[in-house]
Each structure stands twice: as structure tokens, then as C-alpha cells.
Amino acid sequence: MAPGVLLSFYIVTNPLSANEWNVMALVLKNEFGESCYMSCSFVGQQSANSFSELFRMLLEKFKFTYALRYLIIITVGFFPLYLLSIFSKVTNKNQVLFISKFKNINCIRTVTIPNEENAISASKLKDDLKKYCDDTVACLTVAEAVKQISNKYPTARILITGSFYLSSEVLDN
């Protein structure tokens, strides 16, 4: 069993006494300049029967309308983000279908997204997209890709797809 689990179990089964809590609060204040507040303060106000106190306080303050409101906020606010995270993986996208919608493409530069396990490699993407543009090259970095395009087409409009990370890297360079 992990040491953290054992330590947590020990702390839960052996709550601090009022005196021990005062010592802890003083050490926090004197050694670290921190005030004991919120959960730390709760620890100092509870008796040895901490779990029942915690749930009793929770039930006393619980209101169904609050629970419903926060459930709606979380569902409406985070469910679309959850769906986006599931369906936005690069491996699930049909990049060939996407690029086929564009006409008169002068050049394509592909870059592997660094440190992203779901990224399609630049060379595989280059092979997939070669049929839409003869001037398709795999690059090692975004800076290299932008430099190649800028040197060859100084007035070019560059479309970056597939990653906000890569888009922000272009803005940084």
C-alpha cells in the first residue's frame, strides 16, 4: 500500500486534539507566516468524531436548489468541453478530407506536435496530403515550416490546423 494512503488513513483515524491543532496553527504562523484558515480551521474545531460532524454540517447547510443549480452549471459548462476533448483527438480527425476542401494550395508543411502521444507524425501526414499539393514537405519545427513558406511565398497566407499549441508557437515566433 502506498505511504500516502497509509498516512491519510492514520490522520483520519487519529484526529488532532485542540492542543495539537493550536501547536500546528502556531508553527504555520511563526515558521511560514501562514494563517490557519478554511480546512485547517475546520480541523481545529472538530471533535474526535470528525466524520459524523462533517456530514451533519453538510446536511444542515444542504439545499436542493443549490445542488440543482451547481449540477446545471457543471453540466452546461463542462459537458461540451468533455465532448470536445473526446472528439478532438488528432487520430480521430480525417485530415485528408479536411484539406481536400481547399483549392489552389501552393505548399503544405507538416510538423509533428512535440510531446503529444496522439499526434500524427509529420512524415505520415505528408504522405497522406501529397496528392493535394506537389510541394508538400515534413518539417521538424513550426519555425522551420514558417521560414520555408515565407522564403518561397513572402506574401503567403498561412493556415495552421490541428493544434492550438502549434498556432501559439507561430505567434511566439
Worksheet item: Sorted by average packing, counted as other Cβ atoms within 10 angstrom per residue and highest first, what order do 136-147, 25-36, 56-67, 159-170 take?
Response: 136-147, 159-170, 25-36, 56-67
Discussion item. Starting from the 7 Å offset along Cα-to-Cβ, what nm value, one decimal, do you get for the label separation of Ser168 and Val12?
Written reply: 3.6 nm
Item to complete: Please list, in chain and number order, the residues 5+ apart from Thr110 or on another chain whose amide H is under 5 Å from its amide H, with Hs placed from the backbone.
Response: Val137, Ala138, Cys139
Discussion item. From zero outward in steps of 5 Å, how is the percent of C-alpha pairs of the stretch 93-172 spread across the bins?
Written reply: 3, 14, 28, 28, 20, 6, 1
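We did not get these values from a lab; they are worked out from the coordinates using the rules stated. Keep in mind it's a predicted model, so treat the numbers as computed, not measured. FYI the Cβ positions are ideal-geometry reconstructions off the backbone, even for glycines, and counts take in every protein chain you see.
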